[in-house]
Amino acid sequence: MIPKKAVILAAGKGSRLMPLTAEIPKALVRVQGRPILLWEIQGLHRLGVEEILVLTGHRSERIESLLGPSFQGTTLRYLFNPFYETANNASTLGLAGEFLKGGGLIVEGDVVWGETFQRALQKGLESSSQPVTWAALPFLDGMDGSLLVSDHSLKVHSMGIRKSGSPLPEGGLWKSSGLVNLSSQGSLAFFPLLLKEDPARTPKYYDLVFQENLSALPIQILPVPGEDWMEIDSPEDLKVAEGLSL
């Protein structure tokens, strides 16, 4: 089922992208002439999302002044996290509990994708009925970041944050695409766990909250291609993204 609501995590400073992010948030760094955040909003609009909550922090005023209250009929709302400098994104996502109580997409504010990715995402969401559906691409040896390990049925049995060069576990290995879909059931189970974290100081990524509660929150992988997707963390990532067919 295609969700009608989405949350975008756009509070980050993007320190590895300095000096590009000295005066703008990471989510406004331009890829192929367009801010990352606008790529995401356009993709969500094409998907059929009707309402987007943008969670802001660093230079939040730049985001609101650029985007305004709507995009081609999609309503845009904003919430500012005052703790974005002292806590990780579990704190930021905690602001979205009321907005996502009926379910919806969680989107990290530093990913861009093209038509091939979009078609796979749409097809997978249309057929999904799981409480938590995690869009992910095959995890290759040179990758780092959020790693999900599944069984043959694509149910996740372990996950974590992998540093480049560390050993890979056995099983189906998946790299988070930065898009997670919660059903209403999944949302009602997840946000109370998230809100147990101290919003001012939690060091956790929201991925870790899922990892610590896999038995209560079963996760199903939604496979997506990686050839027209990119997570923008560094100047090297940005250079790769400039060459993608988006």
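For the stretch 98-154, taking the residues that are within 17 Å of the chain's Cα centre (by Cα) and at positive phi, the one that is surrounded by the most Cβ atoms within 10 Å (Cβ to Cβ) is identified as Gly104.
Residues checked against (1) open to solvent by 30 Å² or more (accessible area, probe 1.4 Å); (2) under 17 Å from the mean Cα position of the chain (by Cα):
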{"residue": "Ile8", "(1), (2)": "no, yes"}
{"residue": "Ser15", "(1), (2)": "yes, no"}
{"residue": "Thr21", "(1), (2)": "no, no"}
{"residue": "Ile24", "(1), (2)": "yes, no"}
{"residue": "Ala27", "(1), (2)": "no, yes"}
{"residue": "Arg30", "(1), (2)": "yes, no"}
{"residue": "Ile41", "(1), (2)": "no, yes"}
{"residue": "His45", "(1), (2)": "yes, yes"}
{"residue": "Ile52", "(1), (2)": "no, yes"}
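Annotation note: Cβ proximity below 8 Å between a residue of the stretch 66-84 that is in contact (Cβ under 8 Å) with a residue 24 or more places away in the chain and farther than 14 Å from Val54 by Cα and a residue that is assigned to a loop (DSSP other than H, G, I, E, B) and open to solvent by less than 80 Å² (accessible area, probe 1.4 Å) (sequence gap 6+ or interchain) occurs for Phe83/Pro199; Phe83/Ala200. Every test in (1) within 19 Å of Leu121 (Cα to Cα); (2) over 17 Å from the mean Cα position of the chain (by Cα); (3) among the polar types (S, T, N, Q) is passed by Ser177 save one, and that test is (2). Within the stretch 215-226, the set of residues being part of a loop (DSSP other than H, G, I, E, B) and closer than 29 Å to Arg119 by Cβ comprises Leu217, Pro218, Val224, Pro225, Gly226. Scanning the stretch 84-91 turns up one or more residues that are assigned to a loop (DSSP other than H, G, I, E, B) and either among the aromatic types (Phe, Trp, Tyr) or open to solvent by less than 30 Å² (accessible area, probe 1.4 Å) (or both).
So, Glu85, is that one in contact with a Gly (Cβ under 9 Å, 6 or more places away or on another chain) and among the acidic types (Asp, Glu) or not? When the stated conditions are applied, Glu85 passes them.
Only residues that are open to solvent by less than 30 Å² (accessible area, probe 1.4 Å), touching a residue at least 60 places away in the same chain (Cβ under 8 Å) and assigned to a helix (DSSP H, G or I) were counted in the stretch 160-209, giving 7. Looking across the stretch 54-80 at every residue that is open to solvent by less than 30 Å² (accessible area, probe 1.4 Å) and part of a strand (DSSP E or B), the one that is nearest to Arg119 (Cα to Cα) is identified as Thr74. Here Pro218 fulfils each of the conditions (1) at negative phi; (2) open to solvent by 30 Å² or more (accessible area, probe 1.4 Å); (3) at pLDDT 95 or above apart from (3).
The values are calculated or read from the model by the stated rules, or taken from the named source; none is laboratory data. What you see is a predicted model, and the numbers here were worked out from it, not measured in a lab. All Cβ positions, glycine included, derive from the backbone under ideal geometry; neighbour counts span all protein chains shown. Note: areas computed on protein heavy atoms with side chains; ligands, DNA, RNA excluded. Shrake-Rupley method; radii C 1.70, N 1.55, O 1.52, S 1.80 Å.
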